[in-house]
Amino acid sequence: MADVVIYSSAGCPYAHRTRLTLLEKNVDFTLTEIDLDNKPDWFTKVSPLSKVPVIQHGKNRVWESTIINEYLDEVFSDAPLMPTDPGERAIARIWIDFGNVKFVPTFYKLLLNQEQEKQKEWVQQLHSHLLFMEQEGIGISSNGPYWLGESLSLIDLSFYPWFERWCVLEHYRAFTLPSTCLRLKQWYSAMLTRESVQSIKNSPDFYIQQYIKYANNTASGITAQEMRRM
Ligand SMILES: N[C@@H](CCC(=O)N[C@@H](CS)C(=O)NCC(=O)O)C(=O)O
């Protein structure tokens with residue numbers, strides 16, 4: 001039996017964060033794939049919010065991708081993915097929180113919204129988040145290649161899955177990464193060199209297919225409903 005069991009779904013960016021963390025930390029794990037359109041009856045017993053990812057590690061069941069990732073980093077303390085300095089740890093948490101609270105919901109709002117005027121507003125919002133990340137985040141935290149410098153951290157793993165899915169915004173909303181986001185582009189290229197990233201990377205076609213129901217606003221899952229209400 002592996003150390004960790006992860007309940008995951010191939011298209012899910014939140015589960016993607018945690019799978020990358022497990023791979024980067026070289027933790028032995030078993031993956032149980034959940035079909036989110038057809039969840040098994042037992043799934044709510046495993047996942048209190050009926051979402052992936054969830055991990056089971058011994059007696060500990062942990063959910064919420066960014067909490068899981070910190071948990072894994074603390075328990076499997078080799079190859080740490082959080083800085084040791086308290087100031088830098090705070091910076092890491094600030095940007096992970098920014099991802100969860102600002103960046104990711106805007107990504108979904110842009111996809112879900114069907115009115116052109118509203119889409120323009122969400123494009124502007126996402127654009128300003130990207131510039132903020134570029135100028136106040138990655139641009140001043142280090143000279144690269146990663147957010148905090150030479151070493152990969154949980155900030156990188158928290159943002160990466162949405163950048164792998166950028167093809168979805170390009171395809172459905174013609175929104176490419178702004179040319180001014182030079183550091184973010186270099187960072188993305190550096191992420192693509194990681195073995196972990198390559199080993200579970202999906203093609204643009206896969207994501208374009210996966211996100212059809214977000215792009216035409218017919219997605220009926222819990223996450224889509226929550227994003228509409230935000
Ligand atoms: N805040 C959660 C979000 C997890 C989440 O929304 N996962 C989606 C899949 S990408 C899910 O399982 N949704 C269930 C549903 O839509 O019914 C986390 O960070 O883990």
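Computed from the coordinates by the stated procedures, all read-outs in this text should not be read as laboratory data. Quick caveat: nothing in here was measured; it's all calculated off a predicted structure. Cβ placement follows ideal geometry from the backbone for every residue including glycine, while neighbour counts extend to all protein chains displayed.
What lysines does Lys45 reach when the alpha-carbon gap must be under 20 Å and sequence neighbours fewer than 8 apart in one chain are set aside?
Within the straight-line cut-off, Lys45 pairs with Lys59.
Charges only on Cβ, +1 for Lys and Arg, -1 for Asp and Glu: so what's the dipole of the chain about the Cα centre, in debye to the nearest 20?
600 debye
Percent relative contact order of the chain, based on C-alpha pairs within less than 8 angstrom and at least six residues apart?
Result for the chain is 21 percent.
Which number comes out as Rg/Rh for the chain once both Rg and the Kirkwood Rh are worked out on C-alpha atoms?
My calculation puts Rg/Rh at 0.95.
Could you pull out the longest piece of the chain with no exposed loop GluC sites (Glu not before Pro) in it, calling a site exposed if DSSP puts it outside H, G, I, E, B and it has at most 11 other Cβ atoms within 10 Å?
Details: sites that count: Glu115, Glu150.
Between exposed loop sites, the widest span is 1-114.
Is it possible to state the helix-based mean residue ellipticity at 222 nm for the chain, with each DSSP H run of 4+ residues giving -39500 (n - 2.57), the sum divided by total residues, to the nearest 500 deg cm²/dmol? What is it?
Helices in the chain give a 222 nm mean residue ellipticity of -15000 deg cm²/dmol.
Which order results if Tyr188, Tyr14 are arranged by neighbouring Cβ count within 10 Å, fewest first?
Sorted ascending by nearby Cβ count, the order is Tyr188, Tyr14.
When a footprinting reagent is the concern and you count Cβ atoms within 10 Å, what order do Arg89, Arg229, Arg183, Arg194 take, fewest first? Kindly include the intermediate steps, with their values, before the conclusion.
On the way: Arg89 15, Arg229 6, Arg183 21, Arg194 18.
Lowest to highest Cβ neighbour count: Arg229, Arg89, Arg194, Arg183.
Expressed as a whole number of Å, what is the distance separating the alpha-carbon centroids of segment 159-176 and segment 36-97?
Centre-to-centre distance over Cα atoms comes out at 24 Å.
With 10 angstrom as the radius, rank Thr106, Thr84 by how many other C-beta atoms surround their C-beta, starting from the fewest.
So the residues, fewest neighbours to most, are Thr84, Thr106.
Residues with amide H under 5 Å of Gly144's amide H, sequence separation 5 or more or different chain, H placed in the peptide plane at 1.01 Å from N; which?
The list, which skips near neighbours in sequence, is Gly149.
What number results when the radius of gyration of segment 1-137, computed over Cα atoms, is divided by 2.2 N^0.38 Å?
In units of the 2.2 N^0.38 Å rule of thumb, it is 1.20.
By the scheme Lys and Arg +1, Asp and Glu -1, what is the net charge of all other residues having a beta-carbon under 15 Å from that of Glu33?
Local net charge: +1.
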